[in-house]
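The values are calculated or read from the model by the stated rules, or taken from the named source; none is laboratory data. Only a predicted model underlies this, so the values are computations on that prediction, with no experimental measurement involved. Here Cβ is always computed from backbone atoms with ideal geometry, including for glycine, and neighbour counts include all displayed protein chains.
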């Protein structure tokens, strides 16, 4: 005699079907939540990548701008001899730098006052020629030179870059030559200009005299007699 499992009542069947339907809905809700979380994650990752790219691009632009500003704020003077070497025309090394005025100081041994220029940037041998010849004689330097001699000068330059005023203080060497002239002394011919060093404005005069002194020959007592 076989036993058969008890049949579900209609109420039990409906309850079971409702439970299965609820479980299926819960699975769909869980899958939907996972998809939503994944979508939020992907969206957040995309936003972060976009933000990171923008930040890197902005940082690169800012770094480039700083380098450009630093370059523009660094002045290097160039010189062109004219009038057979009696003067040097000074120009800024970059086309976006516009020289407004300059103060040119000479070593104290020359006994020459500083010179101010406005607009017309230049150095003229007449400003310091007599003082240089006298200082060379005092230092027992020859009347004529072989090759180029160097005269240190401190140049303070005020210039514009994109409407902004900058100031540069540096010691430059004036390259010059002495050419003997019978009964008239040596003629000074200016050759060019080269950067010696950049200095603090407050120390420029002291450093200038140190450079001049360091380049003069040391004369012994026996040689002076």
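Of the residues making up the range 157-167, at least one is part of a loop (DSSP other than H, G, I, E, B), under 25 Å from residue 101 (Cα atoms) and out of contact with any strand residue (DSSP E or B) (no Cβ under 6 Å at 6 or more places or on another chain).
Of all residue pairs spaced 6 or more apart or on separate chains, those with beta-carbon atoms under 7 Å, a first member in the range 210-225 that is assigned by TED's automatic domain parsing to the domain that holds residue 171 and a second member that is at pLDDT 90 or above and part of a loop (DSSP other than H, G, I, E, B) are 212/107.
Here is a yes/no grid of residues against (1) at pLDDT 95 or above; (2) surrounded by 13 or more Cβ atoms within 10 Å (Cβ to Cβ); (3) not assigned by TED's automatic domain parsing to the domain that holds residue 204:
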residue	(1), (2), (3)
67	no, no, yes
90	yes, yes, no
108	yes, yes, no
116	yes, no, no
122	yes, yes, no
128	yes, yes, no
135	no, yes, no
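On inspection, residue 52 does not qualify as more than 58 Å from the chain's Cα centre (by Cα) and either surrounded by 12 or more Cβ atoms within 10 Å (Cβ to Cβ) or at pLDDT below 75 (or both). Could you tell me whether residue 122 is closer than 15 Å to residue 152 by Cβ and without any contact (Cβ under 8 Å) to a residue 40 or more places away in the chain? Taking the combined requirement at face value, the residue does not satisfy it. Does residue 201 satisfy being surrounded by 15 or more Cβ atoms within 10 Å (Cβ to Cβ), at pLDDT below 95, assigned by TED's automatic domain parsing to the domain that holds residue 99 and more than 22 Å from residue 82 (Cα to Cα)? Spelling it out, it is not the case that residue 201 is surrounded by 15 or more Cβ atoms within 10 Å (Cβ to Cβ), at pLDDT below 95, assigned by TED's automatic domain parsing to the domain that holds residue 99 and more than 22 Å from residue 82 (Cα to Cα). Taking the stated definitions as given, is residue 139 out of contact with any helix residue (DSSP H, G or I) (no Cβ under 9 Å at 6 or more places or on another chain), within 21 Å of residue 189 (Cβ to Cβ) and at pLDDT 75 or above? Considered against the rule, which asks whether it is out of contact with any helix residue (DSSP H, G or I) (no Cβ under 9 Å at 6 or more places or on another chain), within 21 Å of residue 189 (Cβ to Cβ) and at pLDDT 75 or above, residue 139 comes out as no.
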